[in-house]
């Protein structure tokens with residue numbers, strides 16, 4: 001495959017290329033989440049909604065994963081950055097929860 | 001029936017490093033992972049490498065040895081795991097915290113760990129972004145951090161290259177025991193005959209042992225963290241600690257701030273600002 005094709009961006013949120021995803025598969029990745037953790041594909045704003053079908057297609061075509069045996073990815077809401085003052089207010093008000101074992105832990 | 005010399009249950013950092021070490025010794029282990037590699041605690045942590053963590057006389061020597069082995073393995077992987085041994089600052093913001101910190105330093109120094117006690121001014125010279133009000137700090141030069149996803153996957157990749165078989169998406173439902181010895185591992189789809197099982201299922205290990213009458217006091221704990229967008233280097237040493245909080249800036253510039261420790265069984269839903277009330 002030409003260098004040009006390997007540089008195709010598959011994950012637009014984290015700028016992950018086809019070549020990087022193929023390398024993650026070649027090193028043994030067999031699920032979407034494994035490819036994600038190694039390459040950062042699907043870790044950005046859309047949380048995998050754009051790259052999932054390409055990665056799944058490559059897992060089936062190149063790694064021989066049977067379509068019926070595809071392990072579903074972790075599903076999270078799209079990511080939105082929270083302005084610092086909002087998140088720290090909630091953090092220090094304790095809205096993020098405390099532990100009965102570690103009352104001081106945040 | 002399929003057979004295996006050793007079956008490892010769990011594809012976290014422990015299971016994958018055991019697979020790597022066994023495969024390096026010429027054993028061909030079979031690793032079964034319910035979801036995907038580093039799916040649970042191994043992929044949800046701050047990636048700290050602490051030679052000063054642990055209980056002196058008990059787990060402290062293990063932590064030091066672990067950091068030593070990790071540094072050795074990182075050189076053998078041939079791929080980056082973003083391991084940085086750039087040191088850690090533990091901060092004290094009150095006289096109470098300072099007394100506790102001096103005690104921490106004394107016990108570590110007695111155990112032979114290189115730890116330095118310093119004033120607030122000295123600590124701010126090391127980390128200029130620190131605010132005022134710092135009473136003092138402990139500096140541990142040997143501590144550091146690692147990308148926990150890449151670490152687990154590097155062990156898995158190196159294990160596969162050495163002959164280990166690693167299967168994600170395979171759930172172990174039962175260990176079969178006969179005459180006091182394990183003889184097989186039952187997954188949802190097949191039974192695998194084996195004389196040896198390494199149980200590395202983390203918070204799920206107890207559930208596999210309970211039917212055998214073994215009680216394992218290991219429980220899940222939910223930890224929530226804040227993560228910032230990638231930003232220019234702010235935390236020079238990469239790692240800061242104060243009571244109840246730890247801060248790490250990874251190589252891409254994201255700052256991880258956390259974390260909570262909550263006993264909520266296996267609930268892993270975040271309930272921070274990003275997810276509404």
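Within the stretch B:151-195, track down each residue that is without any contact (Cβ under 8 Å) to a residue 60 or more places away in the chain, in a loop (DSSP other than H, G, I, E, B) and under 29 Å from the mean Cα position of the chain (by Cα).
B:188
If you take the residues of the stretch B:227-272 that are in a loop (DSSP other than H, G, I, E, B), farther than 21 Å from residue B:202 by Cβ and in contact (Cβ under 8 Å) with a residue 60 or more places away in the chain, which of them is nearest to the other protein chains (Cβ to nearest Cβ)?
Among them, the one singled out is B:243.
Give the stretch B:117-138 a look and list any residue that's closer than 20 Å to residue B:49 by Cα, at pLDDT below 95 and not in a loop (DSSP other than H, G, I, E, B), or say none.
B:126
Would you mind stating whether residue A:16 is farther than 20 Å from residue B:39 by Cα, away from chain B (no Cβ under 13 Å) and within 15 Å of the chain's Cα centre (by Cα)?
No, not satisfied.
Any residue at all in the stretch B:227-235 that is surrounded by fewer than 20 Cβ atoms within 10 Å (Cβ to Cβ) and over 30 Å from residue A:45 (Cβ atoms)?
no
Using the structure shown, decide if residue A:77 is within 11 Å of chain B (Cβ to nearest Cβ), loosely packed, with under 12 Cβ neighbours inside 10 Å and either closer than 30 Å to residue B:255 by Cβ or modelled with pLDDT of 80 or more (or both).
Considered against the rule, which asks whether it is within 11 Å of chain B (Cβ to nearest Cβ), loosely packed, with under 12 Cβ neighbours inside 10 Å and either closer than 30 Å to residue B:255 by Cβ or modelled with pLDDT of 80 or more (or both), residue A:77 comes out as yes.
Please pick out the residue among B:5, B:40 that is over 13 Å from residue B:199 (Cβ atoms), within 14 Å of chain A (Cβ to nearest Cβ) and surrounded by fewer than 23 Cβ atoms within 10 Å (Cβ to Cβ).
Answer to the selection: B:40.
Quick grid of which residues meet (1) closer than 28 Å to residue B:255 by Cβ; (2) modelled with pLDDT under 95:
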site	(1), (2)
B:22	no, no
B:31	no, no
B:42	yes, no
B:47	yes, yes
B:72	no, no
B:84	yes, yes
B:98	yes, no
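Does residue B:148 count as closer than 25 Å to residue B:254 by Cβ, surrounded by fewer than 17 Cβ atoms within 10 Å (Cβ to Cβ) and in contact (Cβ under 8 Å) with a residue 12 or more places away in the chain?
No, not satisfied.
Using the structure shown, decide if residue A:51 is out of contact with any helix residue (DSSP H, G or I) (no Cβ under 7 Å at 6 or more places or on another chain), crowded, with 19+ Cβ neighbours inside 10 Å and within 14 Å of chain B (Cβ to nearest Cβ).
No: the conditions fail for residue A:51.
The values are calculated or read from the model by the stated rules, or taken from the named source; none is laboratory data. These numbers were taken from a predicted model, which means no experiment stands behind them. We place every Cβ from the backbone using ideal geometry, glycine too, and count neighbours over all the protein chains shown.
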